Amino acid sequence: MLKNEIDKKRAIRGGLTDIGKANGITYGLAIGDALGFPTEFMTLDRIKPKYGPGGIMDLPDPALFSDDTQMSIAVAEALVKAGDKDIEPIMEAVKDEFISWLHSPENNRAPGNTCLKGVANMERGIHWSKSGLSNSKGCGSAMRVAPIGYLYQHDPDKLKEVAHATGICTHGHPAADAACIGAAFLVKLALDGVPPEKMIAKLFAFTAGISAEFDQAISKVEKSLAWEDEEKALAYLGEGWVGEEAVGLALYCFLRYPDSYEKVVIRGANTNGDSDSIACIAGSFSGAYLGINAIPPKWVKKIEKSSYLEELAQRLADKKEAING
């Protein structure tokens, strides 16, 4: 092995402490989101003429993230406040954070209608278990669950309970529920250091019986991973507007490049549809697996609210330590 490869592996290992993983997740999802935000709503045949044959390769200036990260932050803040409590106080904290997001002047980055309607329903007093749109399986619930996978890494039952509750308050379709639970669980698997080739089997076991549509989407990932043509695989997996496709595409990006955060989020940002959500979710998997030292420092410095993301990661890590004792 070449010396620079050894040095790189040592540097990555240095980011695999729990706080290194917390930072890997917060920065990982935000940077992926910001990289994919400019190409959202664009197909590859429109992305390439604008950004070059490789597509978008670097963060824009300014490097702004979308509602995906904003809502992930809201979930993280709620967990810091109430993550050690039962589901009702947790969801009360989630409701408060979501309502604050709903009325924030920064909530101007193409938020999803289902998220807006579900949160508005909670604000009107509808209980979180009934506030969601029953027929919506958009990816708006799955895009925001990475903090849940982090905080409840060692408590899979609580992870499932909280992911389910935070998801159905806006998105009630079983496929969205499975995608939400599955995305949080994949963060947990990445934190556990589960070999990437074993993740799909564990995911199927954890989400069994929730949604046949989600199972089918993940089966397509398994089938297409060996294909040489990545763009053919992306087209086969869909555009990511619905939860099962977004998680499937994000998982494909991660499993294709498990040892490179950069390649994961660049692949996610250069897809045919909801590229910011795909790269955001994929970035959370990769950040959880590789830690903060795998993320280019120039991107960490460039992303908006960089200092806040670091501080939030520390508070999440402190909460996790308090819960686990």
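Summary table below
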| read-out | value |
| --- | --- |
| Answer residue from the range 10-45, given it is surrounded by fewer than 20 Cβ atoms within 10 Å (Cβ to Cβ) and among the small types (G, A, S) and is modelled with the lowest pLDDT among those | A11 |
| Scope the range 225-268; condition under 14 Å from F214 (Cα atoms) and surrounded by fewer than 19 Cβ atoms within 10 Å (Cβ to Cβ); matching residues | W241 |
| Any hit, the range 285-294, residues being of a type outside the set (G, A, S), out of contact with any helix residue (DSSP H, G or I) (no Cβ under 7 Å at 6 or more places or on another chain) and over 30 Å from P49 (Cβ atoms) | no |
| Yes/no for S307 being in a helix (DSSP H, G or I), without any contact (Cβ under 8 Å) to a residue 60 or more places away in the chain and of a type in the set (S, T, Y) | yes |
| Verdict on A93 being among the hydrophobic types (A, V, I, L, M, F, W, C), in a helix (DSSP H, G or I) and in contact (Cβ under 8 Å) with a residue 60 or more places away in the chain | no |
| Filtered residues of the range 165-215 (kept if polar (S, T, N, Q) and either touching a strand residue (DSSP E or B) at 6+ places or on another chain (Cβ under 8 Å) or assigned to a helix (DSSP H, G or I) (or both)) | T166, T170 |
| Pair list, Cβ under 9 Å, 6 or more apart: the range 123-139 residue on the phi > 0 side of the Ramachandran plot, other residue open to solvent by less than 40 Å² (accessible area, probe 1.4 Å) and not charged (D, E, K, R) | none |
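Quick grid of which residues meet (1) among the aliphatic types (A, V, I, L, M); (2) farther than 29 Å from I126 by Cβ; (3) modelled with pLDDT of 95 or more:
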| site | (1), (2), (3) |
| --- | --- |
| I148 | yes, no, yes |
| H154 | no, yes, yes |
| I168 | yes, no, yes |
| D177 | no, no, yes |
| I181 | yes, no, yes |
| L189 | yes, yes, yes |
| E197 | no, yes, yes |
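The values are calculated or read from the model by the stated rules, or taken from the named source; none is laboratory data. Not measured: the values here are computed from a predicted model. So basically every Cβ, Gly included, is an ideal-geometry build from the backbone, and we count neighbours across all protein chains shown. Surface accessibility is based on the protein's heavy atoms, side chains included, excluding ligands, DNA and RNA. Shrake-Rupley method; radii C 1.70, N 1.55, O 1.52, S 1.80 Å.
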